Amino acid sequence: MLEQPGRSRRLALVVLCLASLMVLLVYVIVDTGTPLRRWFLLAPAVLLLAGFALRQKTAPIPLLPLRLFRSRPVSGGNLVVVLMVAGMMGFQFLTALYLQQVRELDALTTGFAFLPTPVTNAVVALWLGPRLIGRFGTRPVLAGGLVVAAAGLALLTRVPVDGDYFTDVLPALLLAGIGMGAAVPAVLGTAMSAGTPSDSGVASGLVNTTLQIGSAMGTAVLAAVAASRTASLTETSVGQREAAASGFRFAYTGSAAFVVLALLAALVVIPARKESLSRA
């Protein structure tokens with residue numbers, strides 16, 4: 001009776017390790033690999049995780065109890081996490097390439113140029129965000145944060161080839177940092193709102209998995225979109241820097257679309273008041 005659950009857990013661990021490896025490989029080759037190669041790695045990772053998830057329906061001692069997904073806060077929160085992270089991680093990758101390939105900044109200067117986003121993110125997430133959630137509730141703060149983040153990404157859809165950092169890039173970085181600083185603690189608290197203390201560890205692991213999936217998905221999709229747009233323009237009379245800038249602008253539209261989808265999911269799926277898992 002005890003051997004089968006043990007074998008099941010070992011098999012689940014192998015599947016998770018393989019899926020995590022494929023997700024990490026997406027990051028490793030995202031700048032040098034072809035879009036088709038990136039999808040060959042990302043798609044099996046998603047399928048492996050989905051097959052792991054389905055196996056839990058019949059497992060004697062499931063690692064991931066599927067009853068968790070009957071909770072709107074948990075299932076809705078994880079959906080928002082996937083979409084939100086897809087847009088924001090893709091945005092960071094695209095902006096690093098824009099600053100280096102179009103604006104021709106070196107790696108160190110690019111790193112300093114990104115500082116406003118993590119600084120504002122940390123300040124809002126650690127200080128302002130919890131106070132806003134305590135006063136207005138989770139869903140309004142989550143929705144407001146996603147609106148601000150989407151506005152920042154929308155600004156980048158018009159970034160020019162010879163744009164000025166302080167007028168064309170910095171406002172978007174600040175808005176993205178502020179918006180994500182408000183949205184992240186709100187959505188993570190919702191996604192991990194399991195009904196019993198024994199479920200809290202599983203809910204936390206589920207969120208970490210969706211974070212990885214969202215990051216890999218957003219980076220792969222948006223990098224492929226930017227590369228495809230750039231390649232099509234390079235074949236014409238458009239210069240390399242202009243073609244690259246156009247590719248990034250096009251991909252920023254996709255990044256903003258991911259965040260808008262996360263906003264719609266938050267408004268539709270996540271309940272206005274906290275829902276107990278035991279009542280789900």
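The values are calculated or read from the model by the stated rules, or taken from the named source; none is laboratory data. These figures come from a predicted structure and were not determined experimentally. Cβ atoms come from the backbone with ideal geometry, glycine included; neighbour counts cover every protein chain shown. Keep in mind that these areas ignore ligands, DNA and RNA; they rest on the heavy atoms of the full protein, side chains included. Shrake-Rupley method; radii C 1.70, N 1.55, O 1.52, S 1.80 Å.
Computed quantities for the displayed model
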quantity: Note, ³J(HN,Hα) from phi for the stretch 201-212, Karplus 6.51, -1.76, 1.60, rounded to Hz, x at Gly and Pro; calculated: x, 5, 4, 5, x, 5, 5, 4, 5, 5, 4, 5
quantity: Protection-proxy order for peptides 78-85, 237-244, each taking the mean of Cβ atoms within 10 Å per residue, highest first; calculated: 78-85, 237-244
quantity: Distance (nanometres) between label positions extended 7 Å along Cα→Cβ at THR167 and ALA122; calculated: 3.1 nm
quantity: Accessible-area value, TYR252, 1.4 Å probe, nucleic acids and ligands omitted, Å²; calculated: 0 Å²
quantity: Net dipole in debye of the stretch 146-276 [+1 Lys, Arg Cβ; -1 Asp, Glu Cβ; about Cα centre; nearest 20]; calculated: 200 debye
quantity: Global geometry of the stretch 155-280, whether rounded, prolate or oblate, following the gyration tensor of its Cα atoms and the 1.5 cut on a/c; calculated: prolate
quantity: Modelled FRET efficiency - R0 45 Å, LEU108 with SER232, Cβ distances, 0.05 increments; calculated: 0.90
quantity: Karplus 3J(HN,Hα) series, Hz, for the stretch 141-156 with 6.51 cos²θ - 1.76 cosθ + 1.60 (x for Gly, Pro); calculated: 5, 4, 5, x, x, 5, 5, 5, 5, 5, 5, x, 5, 4, 4, 6
quantity: At R0 = 41 Å, FRET efficiency that the Cβ-Cβ distance of LEU66 and PHE136 yields, to 0.05; calculated: 0.80
quantity: Signed unit charges on C-beta, dipole axis of the stretch 110-229, positive-most listed residue PRO171, SER204, LEU222; calculated: SER204
quantity: In order through the stretch 127-137: 3J(HN,Hα) via Karplus (6.51 cos²θ - 1.76 cosθ + 1.60), integer Hz, x for Gly, Pro; calculated: 10, 6, x, x, 5, 5, 5, x, 8, 10, x
quantity: Order by protection proxy (mean Cβ within 10 Å, highest first), peptides 212-223, 164-175; calculated: 212-223, 164-175
quantity: Rounded, prolate or oblate (a/c below 1.5 giving rounded, otherwise prolate when a/b exceeds b/c) for the stretch 106-219 by Cα gyration tensor; calculated: prolate
quantity: Extreme residue, positive dipole direction of the stretch 166-280, given options ALA272, SER246, ALA182 (C-beta unit charges); calculated: ALA272
